[in-house]
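Asks: Have a look at the structure that comes next, please.
Quick note: the coordinates plus some simple rules give every number you see, no bench work behind them. All values reported here derive from a predicted model rather than from experimental measurement. All Cβ positions, glycine included, derive from the backbone under ideal geometry; neighbour counts span all protein chains shown.
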Amino acid sequence: MNKSPVYFLPAYSNSSRGLVKSLPALLEQSGLSRIIAEKDLVAVKVHFGEPGNNTFVRPEFIRRIAEFLLALKARPFLTDTNTLYVGARTNSAQHLVTALRHGFDFSSAGAPLIIADGLRGNAGVKVPLGPPAVNREVTVAPEIYSADALVLATHFKGHEAFGFGGSLKNLGMGCTNRAGKLFIHATIAPSVFPSTCAGCGTCLKWCGYQAISVRKKKAQIDAARCVGCAECIAVCPRGAVEINWASDSPSESQKRMAEVARGVTLNKSGKILCLNFLTNITPNCDCNPFSEPLIVADLGVLASPDPVAIDQASIDLVNRAEALPGSGLKSGREAGGDKFRGLYPRIPYEIQLEWAEKIGLGQRGYQLIKIKESANP
């Protein structure tokens, strides 16, 4: 089997032009101009960032993508879906305000903004799956489903529920509606460690399902109300909330995410490009309302039509690097050490890659191709 091409724009090279100016060369050499037709409606899937977080992919990068697509006479739009948790992106009105405050207006980002799953995150399209997928159908956000093509602009990082967050998570969790997110999270069960909990109430304020209460200065989670979105884990300032994995929960949630990702791609064969930004690589998701010490130094940007291959390549590049001081790694700090296992020893993150490959979403084998930078700006 031929290996999937993964194109690599290093963060630090002999060029003084930098990642932003060099990004069009990556887009061209990875074949974006060959898959986009004139008048194509192109969904550029981004993460507009939670207030207080500054590590999401910056509008300067997104503008380069939009300009590249406009030069092809395509019709790009920037998009994301609403969140399960109570934050600044839980409905489309607040979500758009957050995006604008983070610099994603038309003049800065070069394309209009559309939230893909409706005002309250309830809009969705049912997409049937065939074997070997376990689930007969999954839900895709309608504006992403209806687009002619899809460009994923993903901030690659660690993730408190899935080990890492890359293109697979951006497709699976990021391109579905509230019901789809609930479906993926259904097997995740957070629990509070009373000895660590200070009863500050941060998790209570962040929970959108009245599943958390504070009694006798300790947080308690009502399992009957909890939907498993895991945001209480991310926002706890003392690390007092962790996932209480059942015997097969890591496997089930990751497989579900991969199957939703597969559903997103089914009507876009040959019309997808994944971009993983290996910059500001943090231990947790950009949904956090704060920023964190970085795991490793900036590595660059990857591009590939294969979401499995690009995530595997991203993991390998991060693991080859030496960890930065204060990264929070429990192990794997050395060059060649498993950074994501060092962050989350109990999460077998390989499952999402293995299952995505099995259901035909892509392959883990890849050929890393360093791009040739153009002299043009």
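Asks: Before anything else, pin down the relative contact order of the chain: Cα pairs under 8 Å, at least 6 apart, normalised by residue count, whole percent.
Replies: Reported relative contact order: 23 percent.
Asks: How about the range 30-124: which trypsin sites (Lys or Arg not before Pro) there lie in a loop by DSSP and see at most 16 other Cβ atoms within 10 Å?
Replies: LYS39, LYS73, ARG120
Asks: Moving on to the next point. Please identify the GluC sites (Glu not before Pro) of the range 323-377 that satisfy two criteria: DSSP loop assignment and at most 16 other Cβ atoms within 10 Å. Which are they?
Replies: Hits after loop and neighbour filter: GLU334.
Asks: Considering only the chain, what is the antiparallel percent among its DSSP beta bridges, to the nearest 5?
Replies: In the chain, DSSP labels about 50 percent of beta bridges as antiparallel.
Asks: Which angle from 0 to 90°, rounded to the nearest 10, does the C-alpha axis of helix 307-320 make with the longest principal axis of the chain?
Replies: The angle comes out near 70 degrees.
Asks: Please identify every one of the trypsin sites (Lys or Arg not before Pro) in the range 215-307 that sits in a loop by DSSP and has no more than 16 other beta carbons within 10 Å of its own beta carbon.
Replies: Those that pass, being in a loop and sparsely packed, are LYS216, LYS217, ARG225, ARG238, LYS268.
Asks: Now for a different question. Cα centroids of the range 137-170 and the range 35-105: how far apart, whole angstrom?
Replies: 13
Asks: Go through LYS157/LYS217; LYS157/LYS216; LYS45/LYS255; LYS126/LYS181; LYS205/LYS330; LYS181/LYS370 and tell me which ones have a Cα-Cα distance over 24 Å in this structure.
Replies: LYS157/LYS217; LYS157/LYS216; LYS205/LYS330; LYS181/LYS370
Asks: What's the Cα-based Rg to Rh of the range 9-101, Rh via Kirkwood?
Replies: Expressed as Rg/Rh, it is 1.03.
Asks: Taking 0.36 nm per residue of sequence separation and subtracting the Cα-Cα distance, how much length would be gained by fully extending the chain between VAL214 and ILE369, in nm to one decimal?
Replies: 50.6 nm is the gain from fully extending VAL214 to ILE369.
Asks: Diagonalise the Cα gyration tensor of the range 119-208 and give the resulting equivalent ellipsoid semi-axes, square root of 5 times each eigenvalue, largest first, whole Å.
Replies: Computed over the range 119-208, the values are 29, 15, 15 Å.
Asks: Can you give me the convex hull volume of the Cα atoms of the range 1-56, divided per residue and expressed in Å³?
Replies: Cα-based convex hull of the range 1-56, divided per residue, equals 173 Å³.
Asks: A follow-up question, please. Give me the base-10 log of I(q)/I(0) for the range 63-130 at each q in 0.18, 0.24 Å⁻¹, Debye formula, one uniform scatterer per Cα, rounded to two decimals.
Replies: -0.74, -0.98
Asks: What is the log10 of I(q)/I(0) for the chain, computed with the Debye formula using one identical point scatterer on each Cα and no solvent, at q = 0.09, 0.11, 0.14 Å⁻¹?
Replies: -0.47, -0.72, -1.22
Asks: From Cα coordinates alone, what are the radius of gyration and Dmax values for the range 190-244 in angstrom?
Replies: Cα only, the range 190-244: 9.5, 25 Å (Rg, Dmax).
Asks: For the residue pair ASP222 and LEU70, what label-to-label distance in nm results when each label sits 7 Å from Cα along the Cα-to-beta-carbon direction?
Replies: For the pair ASP222/LEU70, the computed spacing is 5.0 nm.
Asks: Over its Cα atoms, what ratio of radius of gyration to 2.2 N^0.38 Å does the range 264-327 give?
Replies: With N residues counted in the range 264-327, Rg over 2.2 N^0.38 Å equals 1.30.
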